Amino acid sequence: VLSLPLLSTGAIFDESARRDDEVFRLAVADLNLNNEILETEKITISVEFVDGNNPFQAVQEACELMNRGILALVSSIGCMSAGSLQTLADAMHIPHLFIQRSPAGTPRSTCPLTSRLPGADDYTLMVRPPVYLNEVILQVVSEYSWQKFILFYDSDFDIRGIEDFLDRTSQQGMDVSLQKVESNINMMITSLFRTMRVEELHRYRDTLRRAVLFMSPATAKAFITEVVETNLVAFDCHWILINEEISDYDLQELVMKSIGRLTVVRQTFPMPQNTTQRCVKHNHRINTSLCDPKNAKAQQLEITNRYIYDTVLLLANTFHRKLEDRKWHSMASLNCIRKNSKPWQGGKSMLDTVKKVHGLTSFLEFTDNGTNPNIFFEILGTNYGEDRGRGVNRVSEHIYIITGFEEPFVMVSENVLGKPKKYQGYSIDVLDALSNYLGFKYEIYVTSDHKYGSLQPDGQWNGLIGELVSKRADVGLSALTITPERESVVDFTTRYMDYSVGVLLRKAERTVDMFACLAPFDLSLWACIAGTVLLIGILVYLLNWLNPPRLPMGSMSSTTLYNSMWFVYGSFVQQGGEVPYTTLATRMMMGVWWMFALIVISSYTANLAAFLTITRIENSIQSLQDLSKQTELPYGTVLDSAVYDQVRSKAMNPFERDPMYSQMWRMINRTGDGNVDESKEGVRKVKYGHFGFVWDTAVLEYIANNDEDCSFYTVSSNAPDRGYGIAMQHGSPYRDIFSQRILELQQNGDMDILKLKWWPKDSPCDLYSSVQMRQNGNALDIHSFAGVFCVLAAGVVISCLIAIVESWWSRRKGSRDDKEIDLEHLHRRVNSLCTEDESPHKQFSTSSADLTPLDMDALPAARQALEQISDFRNTHITTTTFIPEQIQTLSRSLSAKAAAAGFSTGFTSGGGVLQDHRTGGVGPFRQRAPNGGFFRSPIKTMSSIPYQPTGPGPNFGYGNDPDRGTSI
């Protein structure tokens, strides 16, 4: 076992690079504590700080470290001191791992390292890749087709580093101007305004429309602020900032201060796809404060800090291999000051053991000339605009987006043969808003298995998440929910829409019932009401038969069973009756019946109004709790989806177990065909079957909104517990940029406008009503009253049939019943007339005449002049009327008959006794009816006429018009 001092490592840092020393010591402490690479051995370190511009001091400190005995030398200094250390390392055969850093954060320039002798070994390894800024900036300006621009550089930048760039732009015919930016920027701008005339200032202002900045972030922020405030640049300007080491914080500040368009070129580091791989490198667990890009400390790391950590990890693995291969060479004390000092014999073996290793900067390897070729650049930029605080995006490349179809998030808008597919949807609108604002281009392709992604038994992810994990896509976009499992392997932006679980159900259909008017009462109640009408009618008839009522004189009503039934029915339907009932028992019976009818009719009216406006709710599921408690309606979701995992987790995880989800989980897995493979299949099962589909509420609301029949309704949980996000590879540089822009869209209301496009507030369908409503509100249609019209039509037909039967029966009996009279009726009428005539104000003479129909027939002239006016009800008696002009003729005829019979009539011709009743004359007479009854003559007299009934006769009512008379 080797002693600890044999693993000693030396380090030389620039005095301004105190952060390098901090990370260097942290890396050594991690390796010594974890025992993951070195088990019993420990690394010891010796650190010295020098002036980066003093090569002699750097060599002196390095010699001091070699005298102490070191296995390797790590340095983080500038190019001038690095050249001296390179010479020393080659001479002493000490592996030298050099991390180039630039002064004050300015862009790096190529280090002109000392040229080696032919055949000499190179013991200096350049851990940080060479400078490629010349190639990058030339490619960027060529992409933008710039032919004339100005190049600004700060005082700390080595202008010799861009000589190659200037030569190549000159060869391509580009007009490039150079201008140095002094440390006092305000004084420099003031001198411009003081020395330049107005015309020159305008030309200079036009030159500033296109500019390239080789500056540190601090100098760039101060310079941009000054030129914007002095109005030297316009909103159509475009500036390019070149610096490998620009943090996200510096980038956001630059965007805040700039106007027009800003493009930033910086170095980036690809990160592994999941946290486990990202924080474990070659059996070594890196501190999460350094490997997690979400950590605040990790975001503050400089590029040299990352390479310092990887250098220590590289040396630890090198020491481990040397100990395993037993090719360790003891190290003699080196004295580089002695003239005849010999180099370390184990240096060549140690140098050859340095191999490829993963670290914070992903992958370290060295070419034959000792340089690390692995470097990645990203080009970020804004679009034109006056607004401050804009986001930035990655430009100069396509972003590959993996998606899956889900209405209304991602859909195919059109697919013309021979042309690429075009997509639309809410997620596509969000992507376009990000693309238009940030200026990037994208290409979309669809997952082959149409899955969002879940962890498979073999540990691999399928679907959309699997494409991101395997790095075949940069961004994943669809109705993708943010879950802890997915977030462990990919990064998500901030949520751009809330998510909750809901259920899609089919509305209860409104059935058309032509006898809906009868629906307020059931059949048994209608039967009871009909029986009650019959019973009360019979009881009323019996009560009147036992105790006949005293009907008033002249009444046309009768207390037959038919009339009683008709009266009871008329009072029930609130139409009144014709038969008067005067006995106390009958009135008590009818009073109770009217109260019963009032209650029944009122109840029917109220229930009919409610029944015709509110359809019976057949489906009572109004929440997820209602769904979980019932077992009649089967339901399910999409297999291997976020909803499926959520229900399973909350049903089986003891720490978040929910009884509602436990019942849902048992119901979902009760039948083999409960779940579906795609959401469209679930929607079809709901529409054409007896099924409930558990899925994202936003998707279900869109489906219910756009259903032609409005046959769906949705129920969901009250509060959203997750959200929809845009998925990206772990460590993706797009995450923070996209998240910031999404927050801006939400803050200014643009996200709500995009949402209203797909989920409008004035939807024609009611998403929350479980019954099928009419499109014209609560208006009733003909179907609701078809039964009423049918009853009316049946009544009309039956009435017509009865009328035909009655007409036939009347004609059959007409030949023998024409002269039959209801004697009782006639007798009552005659008694009424006599009573009326014997009243005090009506006096008749004692003389009278009895006339028979034969006497009336003897008056042809008068009979022919009679006017028929009406028929008596239920008889064939015809009423005729005398006109005044016929009275004289009739009087003469009656006088002649009376004289022959020995009566005095009181009628005379001319000035005789008979006078016109209009002039006060009197001439009463009586006519005998065929059955022996009497009728008054139409001529009233003041004398009394004794009445002697000869038999019963019908009772008729006549008017007492003095100008008209009647006879039979």
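The values are calculated or read from the model by the stated rules, or taken from the named source; none is laboratory data. Predicted model, so just to flag it, every value in this text is computed and none were measured. A quick note on method: Cβ atoms are made from the backbone with ideal geometry, for glycine too, and the neighbour counts reach across all protein chains shown. Heads up: the accessible areas ignore ligands, DNA and RNA and are worked out on the full protein's heavy atoms, side chains in. Shrake-Rupley method; radii C 1.70, N 1.55, O 1.52, S 1.80 Å.
Give the residue, chosen from E41, E64, that is at pLDDT below 85, of a type in the set (D, E, K, R), more than 24 Å from S289 (Cβ to Cβ) and open to solvent by 20 Å² or more (accessible area, probe 1.4 Å). Steps first, answer last, please.
Working: E64 fails: at pLDDT below 85.
Within the list E41, E64, the selection yields E41.
Specify the residue that is modelled with the highest pLDDT; the eligible residues are those in region 182-224 that are under 21 Å from R160 (Cβ atoms) and over 55 Å from the mean Cα position of the chain (by Cα).
E182
Quick one: in region 362-374, of everything that is in a loop (DSSP other than H, G, I, E, B) and open to solvent by less than 10 Å² (accessible area, probe 1.4 Å), which residue is modelled with the lowest pLDDT?
Within region 362-374, the first condition is being in a loop (DSSP other than H, G, I, E, B), and the residues that meet it are 365-370, 372-374.
Next, from what is left, pick out any that are open to solvent by less than 10 Å² (accessible area, probe 1.4 Å): 370, 372.
Working: G370: 80, N372: 84.
The qualifying residue modelled with the lowest pLDDT is G370.
Of the residues that make up region 194-208, is at least one in contact with a strand residue (DSSP E or B) (Cβ under 7 Å, 6 or more places away or on another chain) and more than 16 Å from F157 (Cβ to Cβ)?
Step one: list which residues in region 194-208 are in contact with a strand residue (DSSP E or B) (Cβ under 7 Å, 6 or more places away or on another chain), which gives 207-208.
Narrowing the set further to residues that are more than 16 Å from F157 (Cβ to Cβ) leaves 207-208.
Yes: one or more hits.
Report the residue count in region 459-477 for those that are at positive phi and under 21 Å from the mean Cα position of the chain (by Cα).
At the first step, the residues of region 459-477 found to be at positive phi are 459, 463, 471.
Filter again for under 21 Å from the mean Cα position of the chain (by Cα), leaving none.
Residues in region 459-477 being at positive phi and under 21 Å from the mean Cα position of the chain (by Cα): 0 in total.
Please work out if Q746 is among the polar types (S, T, N, Q), surrounded by fewer than 17 Cβ atoms within 10 Å (Cβ to Cβ) and touching a residue at least 60 places away in the same chain (Cβ under 8 Å).
Details: among the polar types (S, T, N, Q): yes; surrounded by fewer than 17 Cβ atoms within 10 Å (Cβ to Cβ): yes; touching a residue at least 60 places away in the same chain (Cβ under 8 Å): yes.
Judged against the criteria, Q746 is a match.
Please give the number of the condition T311 fails out of (1) modelled with pLDDT of 80 or more; (2) under 23 Å from L251 (Cβ atoms).
(2)
Consider region 217-245. How many of its residues are surrounded by 23 or more Cβ atoms within 10 Å (Cβ to Cβ) and under 27 Å from Y734 (Cβ atoms)?
7
For (1) touching a Pro at 6+ places or on another chain (Cβ under 8 Å); (2) within 22 Å of Y496 (Cα to Cα), each residue gets a yes or a no:
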position: E678; (1), (2): no, no
position: F693; (1), (2): no, no
position: D696; (1), (2): no, yes
position: N705; (1), (2): yes, yes
position: Q740; (1), (2): no, yes
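Give just the number: which of (1) under 20 Å from Y724 (Cα atoms); (2) in contact (Cβ under 8 Å) with a residue 40 or more places away in the chain does K441 not satisfy?
If we test K441 against (1) under 20 Å from Y724 (Cα atoms); (2) in contact (Cβ under 8 Å) with a residue 40 or more places away in the chain, just (1) comes out false.
Can you name the residue in region 183-207 that is among the hydroxyl-bearing types (S, T, Y) and in contact with a helix residue (DSSP H, G or I) (Cβ under 9 Å, 6 or more places away or on another chain) and, of all such residues, is farthest from I240 (Cα to Cα)? Full working, then the answer.
The initial filter retains those residues of region 183-207 that are among the hydroxyl-bearing types (S, T, Y), namely 183, 190-191, 195, 204, 207.
Pick out the ones that are also in contact with a helix residue (DSSP H, G or I) (Cβ under 9 Å, 6 or more places away or on another chain) and you get 183, 204.
Working: S183: 20, Y204: 18 Å.
Ranking the candidates gives S183 first.
G161 fails exactly one of the following numbered conditions: (1) in the same structural domain as A234 (by the TED database); (2) more than 59 Å from the chain's Cα centre (by Cα). What is the number of that condition?
Looking at each condition in turn, G161 falls short on (2).
If I go through region 475-501 residue by residue, how many of them are over 13 Å from V643 (Cα atoms) and among the hydroxyl-bearing types (S, T, Y)?
Residues meeting the conditions: 5.
Counting residues that are open to solvent by 60 Å² or more (accessible area, probe 1.4 Å), which strands (runs of 3 or more DSSP E) fully inside region 116-209 reach at least 1?
Numbers: elements: 124-126, 148-154, 175-181.
It comes to 148-154, 175-181.
When you check F98 against the structure, is it buried (at least 16 other Cβ atoms within 10 Å of the Cβ) and assigned by the TED database to the domain that holds A211, yes or no?
For F98, the condition - buried (at least 16 other Cβ atoms within 10 Å of the Cβ) and assigned by the TED database to the domain that holds A211 - is not met.
Scan region 247-266 residue by residue and report those that are on the phi < 0 side of the Ramachandran plot and open to solvent by less than 10 Å² (accessible area, probe 1.4 Å).
Matches in region 247-266: L251, L254, V255, S258, L262, T263, V264, V265.
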